[in-house]
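The values are calculated or read from the model by the stated rules, or taken from the named source; none is laboratory data. Quantities reported herein were computed from a predicted structural model and do not represent experimental measurements. Backbone-built Cβ (ideal geometry, glycine too); neighbour counts: all protein chains shown.
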Amino acid sequence: MKRSKGVTIFSWLILVRSIFAIIGIQNPRPLNPPFVFFFSIVILPLSIVAAINLLRLKNWARTGVIIIAILVVAKHAVTIPYVMSKSREYLSEKYEVEVKPQIEELLRGQQETEEGEEAGEGAEQPSDEDIERSIQAAIIIGQLILAVLILVSAVFNIGVIYFFTRPIVKEQFKEIV
């Protein structure tokens, strides 16, 4: 049987995503729970093997990809509260050390520009409260970006589950004896 475009596209997306994830696993993120690293070490090579064999229309690869997608969605459901709480702590530290000085410099530079334009009206320096609000806004934006990335991954995996369980797709993987 001929392979559909959908099977080809999903197979390549899984393959490319898994390869990039393996490259990224060399630099573990402090936001993930410790088990995520070990989960990834097992799941990613299996995903690559399954994706290659999806292109060959092997039914065991279709089943394997469905199981992997279910495990990844479950991992997201379990780790999202941990990641969100840890991300606030991590981003707070990171912003305090790296971003706060830049924000202070930026705000003070903006104030100096305004002072020069208004010729001596005595513009105020940004207060610690203004700087803190800027940092808190940046942390919230960082968490939103993280949540969107996790959501995109979950939606992709739900799409994999839906696509590969459809009868018309299953039909392509029937082995001719």
Can you spot a residue in the stretch 42-58 that is touching a helix residue (DSSP H, G or I) at 6+ places or on another chain (Cβ under 8 Å), among the hydroxyl-bearing types (S, T, Y) and within 16 Å of I161 (Cβ to Cβ)? yes
Output the number of residues of the stretch 132-165 satisfying the condition of being in contact with a Ser or Thr (Cβ under 9 Å, 6 or more places away or on another chain) and within 20 Å of L57 (Cα to Cα). 1
Within the stretch 84-110, restricting attention to residues that are more than 26 Å from L31 (Cα to Cα) and exposed (fewer than 12 other Cβ atoms within 10 Å of the Cβ), which residue is modelled with the highest pLDDT? E105
Flagged in the stretch 154-171 as part of a helix (DSSP H, G or I) and surrounded by fewer than 16 Cβ atoms within 10 Å (Cβ to Cβ), in numbering order, are V155, I158, G159, Y162, T165, P167, I168, K170, E171
Can you name every residue in the stretch 125-153 that is in contact (Cβ under 8 Å) with a residue 40 or more places away in the chain and within 17 Å of E105 (Cα to Cα)? I135, A138
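For the structure I just gave you, tell me whether L54 is part of a helix (DSSP H, G or I), touching a residue at least 40 places away in the same chain (Cβ under 8 Å) and surrounded by 12 or more Cβ atoms within 10 Å (Cβ to Cβ).
Yes: the conditions hold for L54.
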Could you please find all residues in the stretch 111-147 being hydrophobic (A, V, I, L, M, F, W, C) and either surrounded by 12 or more Cβ atoms within 10 Å (Cβ to Cβ) or modelled with pLDDT of 80 or more (or both)? A123, I131, I135, A137, A138, I139, I140, I141, L144, I145, L146, A147
Filter the stretch 1-20 down to residues that are part of a helix (DSSP H, G or I) and exposed (fewer than 13 other Cβ atoms within 10 Å of the Cβ) and give me whichever is farthest from the chain's Cα centre (by Cα). K5
Complete set of residues in the stretch 31-48 that are surrounded by 14 or more Cβ atoms within 10 Å (Cβ to Cβ) and aliphatic (A, V, I, L, M): L31, V36, I43, L44, L46, I48
Flagged in the stretch 54-81 as charged (D, E, K, R) and in contact with a Leu (Cβ under 8 Å, 6 or more places away or on another chain), in numbering order, are R62
In the stretch 57-67, what residues are assigned to a helix (DSSP H, G or I) and hydrophobic (A, V, I, L, M, F, W, C)? W60, A61, V65, I66, I67
Odd one out for V65 among (1) more than 15 Å from S18 (Cα to Cα); (2) in contact (Cβ under 8 Å) with a residue 12 or more places away in the chain; (3) of a type outside the set (K, R): (1)
